[in-house]
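These notes concern the structure reproduced below.
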Amino acid sequence: MEGQKKVIKNYLYNVSYQILAILVPLITTPYVSRVLGATGVGDYAYTSSIVSYFGFAAVLGTAPYGQREIAFVQGDAEHRSRVFWEVFWLRSSTVLLIGCVYCVFLAFARSYRLLYLIQICTVISWFLDISWFFQGMEEFKITVLRNCAVKLVSVALIFLLVHSDRDVWIYTWILCGSALAGNLTMWPFLKERLVRVSRKDLRPFRHWKSSLEMFLPLVSTQIYLILDQTMLGSIVNTTQVGYYTQTQKILRLESTMLSSLSTVLLPRMAVVLSQDNLKLARQYYEKAVRFGVMLNLPMTVGTMLTAGYIIPLFFGEGYAPCIRLLGIFSILLITQGIGQIAGTMLVAMRRQKEYTASIVIGSVINLLCNGILIPRHGALGATVSSVISEICIEWMQFYAIRREFSWKEIGNAFSAYLFPAAVMGLAVAAARHFLPVSVQSLFLLVILAVLVYGVCLILRKDPMLIGIAGKRKDIE
């Protein structure tokens, strides 16, 4: 019971921060998209995608690996202190090496050199990032409260300092600097959670192989956004990158609820499985799948139906192609949402080979589809490629855990929420005929969708909804 309360508490903390982390660019997006334009936004997205490749190599798989290993020893102060410093020094050595490589890259960079130079802040932030430690300790409150303040400051700076399409470099400074400041604020909280350990006892490179096993899936997972941006910018132009990344911002906001659940579920599942408690692990799995379908199925339907309202209201004129992109991307809300749960289970069970294989195969599929579709269809081709590859990955991951975690739960979840989502979709589709594109109309459509879907769940006495309400009362 205590473990379940901890998961729910951490989930609420984490989802609060994740929503803010996505809301920050969404709050600024209507302003930035008009001031910088699709090309300016695309310039930043394209350069940051290039820098991200250095980041993948710099941090290896130390973040998810460190989170998992800290979770295993979170109750032993000496052991967790040793693990922390070993993982940190391993990460530091790779960041230093890749940082030198990045400096060589800067010396030869011709285009976007100023933006690349500013993003040295991002390289430093990789060194300072210790959020994985607090996630492994299941202490999400610390990361949430400190980073929220930094995010809010970045919003203020964007409105104060970014005024024209010539201010892309200032926009880059603000985003990179906020990431650096957010990571820096974590360090004062370490002192009371670590004890002194002898440097002679530290063996950081014993974690090399395991973190490297995390590296491939970590890199491959990012290919859906990062490689797509790079290929779009190289094959077509940065305007297409702007369309693609702006649409991704909407998608990431809506998928935050499930990704936050996966983040807090990993350390809890690691603890449960280390105790060989498969029965309790299955209970977590069943609830996570049902919760995922309950949230993401109506989000998928609602996003498809309201894309024509969302895009012009958020981004203004010049972003009409994003409407179709968002409609297609919304498929990922349901497929990727429950797929993250399968991936979390594989990582928690230390079945890294199967997890890695699914990601790598999906990445190859994505790369091949991009090569075929992007030259002809630009951002639309990249979007379709992402959906195809993501579905393939999720199928492989659920197939890998079929013996421990039944597919039956997925079918049960869909059968429980398909009818309420369909009723909601019909109501929204009907209302669209009477509502012009405006903020008020979008607000009314969202309220209508929530009310119709919520009433359907209440009338059916949905056990997940009742359970969440009951547990929140217990926590409060």
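The values are calculated or read from the model by the stated rules, or taken from the named source; none is laboratory data. Predicted model only: the values in this text are computed from it and were never measured. Please note: Cβ atoms are built from the backbone with ideal geometry, for glycine as well, and neighbour counts cover all protein chains shown.
Contact annotation: residue pairs with Cβ atoms under 9 Å, 6 or more positions apart or on different chains, pairing a residue in segment 452-463 that is more than 14 Å from Met424 (Cα to Cα) with a partner that is modelled with pLDDT of 85 or more and of a type in the set (Ser, Thr, Tyr), are Asp462/Tyr417.
May I ask you to verify whether Ala422 is touching a Phe, Trp or Tyr at 6+ places or on another chain (Cβ under 9 Å) and touching a residue at least 24 places away in the same chain (Cβ under 8 Å)? Answer is no for this residue.
The residues listed here are Phe159, Phe215; of these, the one that is at pLDDT 85 or above and part of a helix (DSSP H, G or I) is Phe159. Checked against (1) modelled with pLDDT of 70 or more; (2) within 23 Å of Ile226 (Cα to Cα); (3) within 15 Å of the chain's Cα centre (by Cα), Ile328 passes all but condition (3).
Can you say whether Val264 is under 15 Å from Ile401 (Cα atoms) and either buried (at least 19 other Cβ atoms within 10 Å of the Cβ) or at pLDDT below 65 (or both), as far as the supplied structure shows? Answer is no for this residue. Within segment 78-129, restricting attention to residues that are under 24 Å from the mean Cα position of the chain (by Cα) and aromatic (Phe, Trp, Tyr), which residue is nearest to Asp167 (Cα to Cα)? Checked segment 78-129; the qualifying residue nearest to Asp167 (Cα to Cα) is Tyr116. Of the residues making up segment 95-121, those that are at pLDDT 90 or above and of a type in the set (S, T, N, Q) number 1.
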